[in-house]
Amino acid sequence: MSALDERDLAAAADLLSDASRIAVMTGAGISAESGVPTFRGAGGFWRGRSAMDLATPQAFNRDPEDVWKFYRYRIDGLSRVEPNAGHRALVSLERRCERFWLITQNVDGLHHAAGSERVIELHGTLAEVRCRVCAYRCPSSELPDDPVPGCPSCGDLLRPAVVWFGEDLPRAALAEADEAMAHCEVMLVVGTSGLVEPAASFARWARSRGASIVEVNLETTPISSVADVSVFGPAGEVLPRIVG
Ligand code: BJW
Ligand code: ZN
């Protein structure tokens with residue numbers, strides 16, 4: 001890994017320290033240093049198959065047992081991972097801001113585990129499961145052991161409480177994200193490939209409403225083209241240096 005660019009770090013730190021209304025959006029990259037695999041790139045495979053092919057309602061309807069094996073593996077894995085310095089830096093940022101929004105695409109619960117108070121979970125959570133049909137929901141820790149768990153309320157199938165491709169995002173989360181983009185002075189975008197909509201468009205929307213954009217990633221992404229500053233480096237090293 002090459003050294004961090006000190007000028008980019010200073011520019012990002014200046015933008016953040018001058019702002020009191022900050023929105024942060026995180027993706028899988030912030031949890032990579034905790035050992036949670038990302039979706040795209042070398043880490044995005046499970047038993048040789050793309051995670052993307054399993055994260056669809058079509059895959060679940062076709063073979064729920066197969067999709068449950070993948071999600072049980074991930075739910076079980078979460079008991080062994082912990083937040084890293086990147087998650088913790090965002091807790092400090094929340095404490096010092098007048099207004100703060102933490103929007104995450106992640107379903108791993110690590111922002112909550114780090115101590116972030118209000119987290120807007122755009123793509124749901126692995127901490128809960130829900131019925132495919134009725135309103136039944138319960139913690140994943142109460143998931144029955146069956147290969148294809150059934151709903152105790154209506155008898156249909158339980159599924160992870162995450163958002164798959166082609167599904168709508170939670171309405172309340174989208175409304176809060178919209179409020180964040182309308183009111184933030186700076187939007188900090190961390191560890192996302194910027195390929196999955198609608199989250200991929202948030203930085204552009206925030207910029208069109210007057211916000212400055214700071215990006216933290218290992219590499220250039222589509223978000224880099226709208227960012228005022230892109231800092232290239234691991235979030236666990238960069239965030240503690242730029243949030244003060
Ligand atoms: C580091 C690092 C380190 C690594 N430090 N950085 C408009 C146009 C075209 C298509 C659409 C559109 N609107 C909607 C769509 C369809 C679709 C979509 O976006 N498709 C595109 C792929 C083309 N979107 C949807 O279907 C969404 N629903 C929706 O919009 O409903 C209305 C609608 C439907 C259909 C048509 C039109 C409207 C739902 C999206 C749900 C996404 N769900 C998933 C799975 C969640 C459950 C699970 O976990 O299993 O969410 S997919 C997956 O991707 C997951 C992630 O949250 C999401 C984003 O991934 P992320 O976080 O960016 O991770 P990676 O792996 O891609 O990138 C990691 C990054 O970190 C990289 O850049 C690394 O460099 C970096 N990195 N280590 C810093 N240490
Ligand atoms: Zn049900």
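The values are calculated or read from the model by the stated rules, or taken from the named source; none is laboratory data. Being a predicted model, the structure only gives us computed values, none of them experimental. All Cβ positions, even for glycine, are placed from backbone atoms using ideal geometry, and neighbour counts span all protein chains on display.
Residues being among the polar types (S, T, N, Q), modelled with pLDDT under 95 and not in a helix (DSSP H, G or I) are entirely absent from the stretch 81-99.
Anything in the stretch 225-240 that is assigned to a helix (DSSP H, G or I) and surrounded by 17 or more Cβ atoms within 10 Å (Cβ to Cβ)? List them, or say none.
As a first pass, look at the stretch 225-240 and keep what is assigned to a helix (DSSP H, G or I): 225-226, 235-240.
Within the stretch 225-240, Val226, Ala235, Gly236, Glu237, Val238, Leu239 qualify.
Taking the conditions (1) surrounded by 18 or more Cβ atoms within 10 Å (Cβ to Cβ); (2) small (Gly, Ala, Ser); (3) more than 19 Å from Asn106 (Cβ to Cβ) in turn, Ser193 satisfies each one other than (3). Close Cβ contacts (under 7 Å, 6 or more residues apart or on different chains) running from residues in the stretch 154-179 that are in contact (Cβ under 8 Å) with a residue 40 or more places away in the chain and on the phi < 0 side of the Ramachandran plot to residues that are within 16 Å of ligand 2 (Cβ to nearest atom) and aliphatic (A, V, I, L, M) comprise Leu157/Val148; Arg159/Val129; Pro160/Val129. For the stretch 205-216, how many residues meet the condition of being surrounded by fewer than 16 Cβ atoms within 10 Å (Cβ to Cβ) and part of a helix (DSSP H, G or I)? The number of residues fulfilling the criteria is 1. Residues in the stretch 83-126 that are crowded, with 19+ Cβ neighbours inside 10 Å, more than 19 Å from Ala55 (Cβ to Cβ) and of a type in the set (Asp, Glu): Glu94 alone. Which of the residues belonging to the stretch 1-51 are in a strand (DSSP E or B) and in contact with a strand residue (DSSP E or B) (Cβ under 8 Å, 6 or more places away or on another chain)? Correct list: Arg21, Ile22, Ala23, Val24, Met25, Thr26.
Within the stretch 103-136, the set of residues being of a type in the set (S, T, N, Q), under 10 Å from the mean Cα position of the chain (by Cα) and assigned to a loop (DSSP other than H, G, I, E, B) comprises Gln105, Asn106. On the stretch given as the stretch 172-190, residues that are more than 12 Å from ligand 1 (Cβ to nearest atom) and surrounded by fewer than 21 Cβ atoms within 10 Å (Cβ to Cβ) total 8. Checked against (1) within 16 Å of ligand 1 (Cβ to nearest atom); (2) under 30 Å from Asp76 (Cβ atoms); (3) not hydroxyl-bearing (Ser, Thr, Tyr); (4) not in a loop (DSSP other than H, G, I, E, B), Val196 passes all but a single condition, namely (4). The residues listed here are Gly35, Gly48; of these, the one that is more than 16 Å from ligand 1 (Cβ to nearest atom), of a type outside the set (A, V, I, L, M, F, W, C) and farther than 26 Å from Val229 by Cα is Gly48. Applying a threshold of 6 Å to beta carbon distances and a minimum spacing of six or more residues, or different chains, the list of pairs starting in the stretch 215-244 at a residue that is basic (Lys, Arg) and ending at one that is buried (at least 17 other Cβ atoms within 10 Å of the Cβ) reads Arg241/Leu9. Could you please find all residues in the stretch 144-171 being within 15 Å of ligand 1 (Cβ to nearest atom) and surrounded by fewer than 14 Cβ atoms within 10 Å (Cβ to Cβ)? Listed by number, the residues that qualify are Phe165, Gly166, Glu167, Asp168, Arg171.
Please count how many residues of the stretch 137-183 are part of a helix (DSSP H, G or I) and acidic (Asp, Glu). I'd like the intermediate steps shown before the answer.
Taking the stretch 137-183 and keeping what is part of a helix (DSSP H, G or I), we get 140-142, 171-183.
Then drop every residue that is not acidic (Asp, Glu), which leaves 142, 176, 178-179.
Selection size over the stretch 137-183: 4.
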